[in-house]
Amino acid sequence: MVQDLTSWIQAISQLLFIIFLLAFFLGLNQRIQLYIWTRDIRGKLTVLEGMAEDARRRTLDFLVKNEAKNPETTLNRITEFFVIQPVSIEPVDIIKRLDVLVNLRNRRFKEEFARAMPGSSEVVRSKAEVLSEITAALTFLFKAVRHYLLLGEKTRNWVLIMQLQLLMPELLKMADTYRKALNDFLAGYPIGDSAGPLVAAKLANYTANWKEIEWETVSTEVNIEGRRVILVKAKGPMPTVGKPGSAVEKLVREMGERPNLLLTVDAALKLEGEESGSVVEGVGAAIGDIGPEKIRFERVAAEYNIPLRALVIKMSMEEAISAMNKQIYEGVERAVQRAKEIIISETKPGDTAIVAGIGNTSGVL
């Protein structure tokens, strides 16, 4: 009886081993794993779709509330709008060509919302632009994930599915950040990326004497211990980044004298483990631009031999597009103090310095 039981156990063990080998060589284990990964991605894809649909609904509600004409058509045009990058194989004048495309894209957005919301203020229309761009970003993220999921299933590419599944937590975190940012832009709060303009506003002691010198970009002058300091930032409180590089280049060429210092102040993405709100300084143009505005700082500084200094306030991506928190605000205060120290130590009384506060002016006058 015991011997028969032992024989049965051995037979079953050998059968299971053979089944395991067959499953291994036939790729059944990979198919099971692929099924698990695919189900996980589909679950998270549903969450992404919900975020994109929620952003779209809230943006449409904002447009309807502000009596926009054909709100759904307007939103569809903006969310599907694209910019084709200029040819980079031939780099001659690539910045000029890119600048033309960026300006055309910005003008197209402004004109679209001006036609759709003729009775709304500039601030309201600017909010509508930002909300539409957030909706577009979430929609694109959902479509991209769906594309790679369906492509992986179609080609049975388990490596592609595996990579996508590993990236999903990070993509969901990014999408959730955009979703939360929607509330802050609707409320008109200063965001983390407003740190640069806020430094400029504080150096100006919140003066109302700003004048527009370039597209959505303003300037004013203050005196800091005998130094003439020209401050530049995007026009607030609407959410815009303006054209600070073009504005500074225009100022320098019209001044009739060589500025003794050009200081840019901007937000910068921190590395994990770095403290939010920490202030770091260096040389160069501190601006997260794709090229046209940043190169204007560099060219005018090189042409006129102006010392080009930079201050950055460290923060995470989530903090950059969300309402400014206490740590970032304290970093702004430190940046204001350090900017004054740089101006005083690197110029002398009677000199001229230009300080450009780079970033989104949401909520910053």
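Each reported figure results from applying straightforward, stated rules to the coordinates on display, with no laboratory input. Keep in mind the model is a prediction, meaning the values are calculated, not measured. All Cβ positions, even for glycine, are placed from backbone atoms using ideal geometry, and neighbour counts span all protein chains on display.
Among the residues of segment 46-71, write down those that are polar (S, T, N, Q), part of a helix (DSSP H, G or I) and in contact (Cβ under 8 Å) with a residue 12 or more places away in the chain. Steps first, please.
First, the residues of segment 46-71 that are polar (S, T, N, Q): 46, 59, 66, 70.
Okay, now just the ones that are also part of a helix (DSSP H, G or I), so 46, 59.
The answer is Thr59, and nothing else.
Just one of the listed residues (Asp176, Asp193) is in contact (Cβ under 8 Å) with a residue 12 or more places away in the chain, within 26 Å of Lys65 (Cα to Cα) and of a type in the set (Asp, Glu), namely Asp176. Of the numbered criteria (1) closer than 30 Å to Leu172 by Cα; (2) assigned to a strand (DSSP E or B), the one Leu311 fails is (1).
Residues of segment 156-200 that are at negative phi and among the small types (Gly, Ala, Ser): Ala175, Ala181, Ala187, Gly192, Ser194, Ala195, Gly196, Ala200. Within segment 76-102, the residues that satisfy the criterion of being part of a helix (DSSP H, G or I), touching a residue at least 24 places away in the same chain (Cβ under 8 Å) and under 20 Å from the mean Cα position of the chain (by Cα) are Ile78, Thr79, Leu98, Asp99, Val102. Just checking, does segment 324-335 include any residue being outside any helix (DSSP H, G or I), in contact (Cβ under 8 Å) with a residue 60 or more places away in the chain, in contact with an Asp or Glu (Cβ under 8 Å, 6 or more places away or on another chain) and farther than 24 Å from Gln85 by Cβ? Yes, segment 324-335 has at least one match.
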